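What follows is a set of notes on a single structure, which appears directly below.
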Amino acid sequence: ALKQALTQRMVATGQTGEAIVVIKDATLKAEMAAHNDDDDWFERPQSGKYSAHAEVQIQVAGRQGTGQVMAQASRFVTLPENPSSQERQDAYNTILNGIMHDLGASLNTGIQTHLRQFVVTAPVTVNGVRP
């Protein structure tokens, strides 16, 4: 998901320079959550969770100089006891979409702050046509 998002959003322009994108971490893991049956307030206590972490570094060099930006994001979502396959899929989608959103926002802020001189903004098009 990270590689696809970065490939879609970053396009080389110009004739000189380079950009190096490093995905330093991209993990999503399932964990069991300990709970005490005596203290359950819910019919289906939370018995597991998905946790995710992503970290990306972008280094650029060109006529304008050099620059670097790093971004990271972490999320988790809990699962009820004996989750259905749909509940597991929903939790996975929630955490994946959430971490991609958070990482994208962090990258956008970092790029605008630290790499502004390297950014060329293209007009928005829909199927090749400007709205």
>> Here's a check for you: in region 76-131, which residue that is closer than 18 Å to residue 32 by Cα, in a helix (DSSP H, G or I) and charged (D, E, K, R) is modelled with the highest pLDDT?
In response: 90
>> Looking at region 58-65, can you tell me whether even one residue there is small (Gly, Ala, Ser), in a helix (DSSP H, G or I) and at pLDDT 85 or above?
In response: no
> Can you find a residue in region 75-93 that is under 19 Å from residue 7 (Cα atoms) and either touching a Cys at 6+ places or on another chain (Cβ under 6 Å) or open to solvent by less than 90 Å² (accessible area, probe 1.4 Å) (or both)?
Replying inline: no
> In region 1-25, which residue that is assigned to a strand (DSSP E or B) and farther than 24 Å from residue 97 by Cβ is most open to solvent (accessible area, probe 1.4 Å)?
Replying inline: 18
> Any residue in region 19-39 that is closer than 26 Å to residue 121 by Cβ and at pLDDT below 90?
Replying inline: yes
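The values are calculated or read from the model by the stated rules, or taken from the named source; none is laboratory data. Every value quoted in this text rests on a predicted model; they were computed, and no experiment measured them. Quick reminder, even Gly has a Cβ in these numbers, built from the backbone with ideal geometry, and neighbours come from all protein chains shown. Heavy atoms of the whole protein, side chains included, go into the accessibility calculation; ligands, DNA and RNA do not. Shrake-Rupley method; radii C 1.70, N 1.55, O 1.52, S 1.80 Å.
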